[in-house]
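Read through the structure below, which is laid out as structure tokens, and then see the notes.
The values are calculated or read from the model by the stated rules, or taken from the named source; none is laboratory data. Given the structure is predicted, the values throughout are model-derived calculations rather than measurements. Cβ placement follows ideal geometry from the backbone for every residue including glycine, while neighbour counts extend to all protein chains displayed. Surface accessibility is based on the protein's heavy atoms, side chains included, excluding ligands, DNA and RNA. Shrake-Rupley method; radii C 1.70, N 1.55, O 1.52, S 1.80 Å.
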Amino acid sequence: MGLVQAVVGAVGGVLGDQWKDFYTVPQGLPATAALFAAVPQGTNAGRGSNTSGSTNIITNGSKIVVPEGYGLLLMQDGAITAFVAEPGGYEWRSDDINSKSIFAGDGLVSTFITQSWERFKFGGQPGSQQAAFFVSLKELPDNRFGTQSEIYWDDGFLNTQVGAITRGTYTLKIVDPILFVKNFVPASYLQPGKVFDFTDLDNAAASQLFNEVVGSLAPAFSLYTNDPSKGNRITKIQQDSLGFAQSLSAAVEQGYHWSSDRGLAIVNTAIVSIEYDANTRELLKTVQRADALSGSRGNSNLQASVAQGIQSAGENGGAAGLMGIGMASGMMGVGGLQQPATPAAPAADDPVAKLQKAKQMLDLGLITQADYDALKAKALGL
């Protein structure tokens, strides 16, 4: 009975695998899907007859359509044999005996007899495995990170260690699909019907990435706040999503070699919240006060504060209160505040200048000699 079943299975499989197939992206995929098998469209609008072909064999002449934003990865017996990054329609051709088809011009007798004999040796199943996988080349969104307790880093602007609880999201991109599949994707996802999704909570590989991102947050914050080109401002992190993504990507690469070993890279980030610890909040308040009191604005604020103090002292303590404010102002250096310039007292009248002017008036006939003598006596104090 086993022999009969094997022969029937071998011949039936060969007949089914003679048909050309049309492979494309499966329906209903989430936007976060990173890797999934190409699926054959066996029927379309009631038409199509290939319902008994092997799931792990692609017939010669079959067409595979690669949509925009995806790459096509071909595998034979577990090994990667080709990769296509350009969208378009492609025709499958293989020298494997299991892929040969009379509809692809591979002959009639050799195709049937050789395939049937090979499959008979494997109990009716093809002795080979062929697969086509689509790899997303787009930014994959909604990858989340967050810390349950404070992380600490050395801050270049505050010149001390600061701490915070933070959470947010990042977009991920597969920059080298071959490295990604060879070094990171578990074998269980290299099967028809499986979808590798970074946001899947049951995906252990994706959970590992989450833990590595959380472990890289402190170095990423340190890289950002100690980079002079970023302004060394902790408060700019939430505004500069691309800049922080570069810092986070660099920290992940330095710690876990995402790009060089796994073909992955962080493209963008969105920090949803940062909750600083109590010490950091006090430091930030001090920085805010210093910023507010710097430059001409700070001088004006300080003058207004001193004026208010003088007014209060005058109302409460009279002259004694004003004297106290004056002494305190001198001790605190308030006397060095910028004040409106007081015009200098005019110099005393110059008698020589007066006489010169009077002589000019005399020469012009504007005054008499008697007038000149009187002005001269007055200028000289005679």
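Quick look at the numbers
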{"read-out": "Scan of the stretch 241-257 for residues that are without any contact (Cβ under 8 Å) to a residue 40 or more places away in the chain and either farther than 29 Å from Leu179 by Cβ or part of a helix (DSSP H, G or I) (or both), ordered by number", "value": "Ser241, Leu242, Gly243, Phe244, Gln246, Ser247, Ser249, Ala250, Ala251, Glu253, Gln254"}
{"read-out": "Count of the stretch 177-199 residues which are buried (at least 17 other Cβ atoms within 10 Å of the Cβ) and not aliphatic (A, V, I, L, M)", "value": "8"}
{"read-out": "Gly215 vs. criteria under 18 Å from Ala265 (Cα atoms) and over 12 Å from the mean Cα position of the chain (by Cα)", "value": "yes"}
{"read-out": "Matching strands (runs of 3 or more DSSP E) fully within the stretch 145-207 where at least 3 residues are out of contact with any helix residue (DSSP H, G or I) (no Cβ under 8 Å at 6 or more places or on another chain)", "value": "160-174"}
{"read-out": "Residue match in the stretch 155-167 (condition: closer than 17 Å to Leu74 by Cα and either of a type in the set (Gly, Ala, Ser) or open to solvent by less than 70 Å² (accessible area, probe 1.4 Å) (or both))", "value": "no"}
